[in-house]
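For reference, the structure is listed below as structure tokens.
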Amino acid sequence: MNCRNCKKKLKKFMTFGKMPIANAFVKNLKQREYFFELAPSYCPKCSLFQLIKQPNPKKLFHKNYAFFAGTSLKMQNHFKNLATKLITNFKLKKDDLTVEIGNNDGGVVHYLSKRNFRNLGVDPSANVAKSAKRKGVNIFNNFFNFQTAKLIKKKYGPVKVFVAQNTLAHIPNIDSVFKGVETILSKNGIMVTEDPYLPEMLRKCSYDQIYDEHVFIFSLTAIKNICEKHGLQVFDIEKLDTAGGSLRYFICRNGSRKIKQKVLSQFKIEKKLNLLNPKTYKKFKDSCEKSKKSLLNILRKLKKDNKTIVGYGATSKSTTIFNYCGINSNLIDYITDTTPTKIDKFTPGTHIPVKSHEHFKKNYPDYALLLAWNHKNEIFKKEKYRYSTRGNWIIHLPKLRIIKK
Ligand code: TYD
């Protein structure tokens with residue numbers, strides 16, 4: 001397999017073994033599931049961290065896509081804040097076009113449309129796109145690539161702001177996306193994109209960020225290398241605590257804006273992190289194995305003591321944890337989640353039942369394993385006067401810990 005950006009040959013440095021599709025919650029246990037080998041790699045030339053193999057994107061994003069971003073209040077505020085930032089900091093005008101790819105059931109374009117700004121959401125999953133349309137977003141139900149960029153430009157003209165939030169990491173043909181951006185962006189236009197940040201993943205050992213949809217985990221260095229091929233440059237960055245620790249990149253055409261000092265400093269920080277050194281990834285691999293052992297030890301011990309354990313949040317991330325660690329319903333009684341499309345189904349590959357939040361409230365366990373750890377504050381706030389007085393939390397990263405009631 002060659003690097004999806006610079007075509008250099010890739011080597012896998014570890015494997016998480018056979019994995020099902022992270023969001024393919026199972027309705028009927030007789031149904032056959034699709035498995036593939038989940039193995040990450042990094043490019044020794046351009047440093048892009050990527051999966052060796054990814055299932056066909058049509059298997060991941062379709063009319064029954066299970067993930068609805070609108071389930072998180074924190075994410076709603078996050079989208080709203082970005083909309084305000086675009087309007088105030090970048091002086092967006094009502095007739096400037098903003099295109100957001102992977103806008104799911106709303107996104108930033110939802111908040112722009114509410115304020116009557118020209119907008120277009122591009123999402124391949126029909127069910128979430130329909131939901132965004134109901135909220136007033138102008139929708140193009142499709143994958144974004146060079147071909148669709150040409151269609152959009154022809155129909156709507158140049159784009160002032162191009163947004164991709166937790167979306168670029170999902171698209172294997174990154175070249176085609178950037179070629180599309182290069183084609184579609186107006187002279188002074190900007191691209192704003194954010195995804196889980198590689199140095200954060202390595203620091204926290206949040207290996208559960210690695211699953212089929214995340215074909216890439218980006219660093220600033222890798223984004224810069226991709227931009228360079230397309231006459232683009234990163235002129236600003238912003239550290240975010242969303243999606244488990246992300247970096248937001250502000251990108252423009254070469255020379256059209258001044259590169260901020262912050263960007264230059266972050267390059268220096270990344271250099272010190274040795275993102276091209278095999279030892280960096282060997283250390284990550286060892287940490288993943290340690291994390292797996294300690295999680296299994298605690299779950300087995302609690303089960304031996306007849307404790308009930310429930311997973312909180314049927315996340316995509318948890319599919320990697322459960323399948324890599326071999327955790328099934330012998331260890332976890334059920335998973336609680338608020339997403340209607342996941343409730344009363346079973347987790348991919350490991351078949352743990354998913355139950356509603358109402359069920360959780362009637363069946364509080366002794367321990368809840370926080371799988372949606374990226375929403376910890378929101379969840380802890382919500383459960384403060386309910387679950388926290390009845391049960392304990394297990395948090396598996398960066399180091400396994402138990403928060404007692
Ligand atoms: P998400 O953060 O997108 O994680 P991933 O990208 O790994 O799928 O998903 C969070 C999941 O947690 C989603 O299924 C909704 C669920 N959830 C709850 O059940 N209750 C909550 O209070 C929150 C915030 C999320």
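The values are calculated or read from the model by the stated rules, or taken from the named source; none is laboratory data. Being a predicted model, the structure only gives us computed values, none of them experimental. Methodologically, a virtual Cβ is constructed for each residue, glycine included, from the backbone with ideal geometry; neighbour enumeration extends over all protein chains shown. Ligands, DNA and RNA are stripped out before the accessible areas are found, and what is left, the full protein with its side chains, is counted by its heavy atoms. Shrake-Rupley method; radii C 1.70, N 1.55, O 1.52, S 1.80 Å.
Here the average projected area of the convex hull drawn through the C-alpha atoms of the chain stands at 19.0 nm². Under the criterion of Cα pairs below 8 Å and six or more residues apart, the relative contact order for the chain equals 15 percent. Counting only DSSP beta bridges with both residues in the chain, the antiparallel share comes to about 50 percent. Give, as a single signed number, the net charge of other residues whose beta carbon lies under 11 Å from the beta carbon of residue 254, with Lys and Arg counted +1 and Asp and Glu -1. Overall, the nearby charge balance is 0. Each principal axis of the stretch 10-80 carries a Cα extent, and these read 41, 38, 19 Å when sorted largest first.
Among 218, 143, 13, the largest mean-square fluctuation in a Gaussian network model of the chain, built with springs joining Cα atoms closer than 10 Å, belongs to 13.
Applying a DSSP loop filter and a limit of 16 other Cβ atoms within 10 Å to the trypsin sites (Lys or Arg not before Pro) in the stretch 346-380 leaves nothing. For trypsin sites (Lys or Arg not before Pro), the sites in the stretch 211-274 that DSSP calls loop and that have at most 10 other Cβ atoms within 10 Å are 258. Only protein heavy atoms count here; under a 1.4 Å probe, residue 111 has an accessible surface of about 30 Å².
For residue 315, the shell of other residues with beta-carbons less than 9 Å away shows a net charge of -1, using +1 for Lys and Arg and -1 for Asp and Glu. Accessible area per residue for the chain is 45 Å², calculated with a 1.4 Å probe on protein heavy atoms, without ligands, DNA or RNA.
Roughly how many Å is it from the Cα centre of the stretch 17-50 to that of the stretch 197-246, as a whole number? That distance is 19 Å. For the stretch 301-405, run through the chymotrypsin sites (Phe, Trp or Tyr not before Pro) and keep only the ones in DSSP coil with at most 10 other Cβ atoms within 10 Å of their Cβ. Passing sites in the stretch 301-405 are 385. Dividing the summed helix terms, -39500 (n - 2.57) for each DSSP H run of n ≥ 4, by the number of residues in the chain produces a 222 nm estimate of -10000 deg cm²/dmol to the nearest 500.
Rg/Rh for the stretch 300-405 stands at 0.92; both radii use Cα atoms, and Rh follows the Kirkwood definition. Of all the options 275, 240, 73, the one that moves most in a Gaussian network model of the chain with Cα springs shorter than 10 angstrom is 73. Who wins for biggest fluctuation among 95, 333, 236 in a Gaussian network model of the chain, springs between alpha carbons below 10 Å? Result: 95 has the largest fluctuation of those listed. Counting charges near residue 149 (Lys, Arg +1; Asp, Glu -1) among other residues having Cβ under 14 Å from its Cβ returns a value of +2.
Over the C-alpha trace of the stretch 348-405, radius of gyration and Dmax come out as 11.8, 34 angstrom.
The share of accessible area on the chain that comes from carbon and sulfur is 52 percent, using a 1.4 angstrom probe. Taken over the stretch 191-326, the percentage of Cα pairs per 5 Å bin, counting from 0 up to the bin with the maximum distance, is 2, 9, 16, 19, 16, 12, 10, 7, 4, 3, 2, 1, 0. Under the Cβ-under-4.7 Å rule, which cysteines of the chain stay unpaired? Cysteines of the chain left without a disulfide-compatible partner: 205, 227, 252, 288, 325. For the set 204/303; 58/292; 7/292; 91/262; 283/317; 91/179, the pairs lying more than 24 angstrom apart at their alpha carbons are 204/303; 58/292; 7/292; 91/179.
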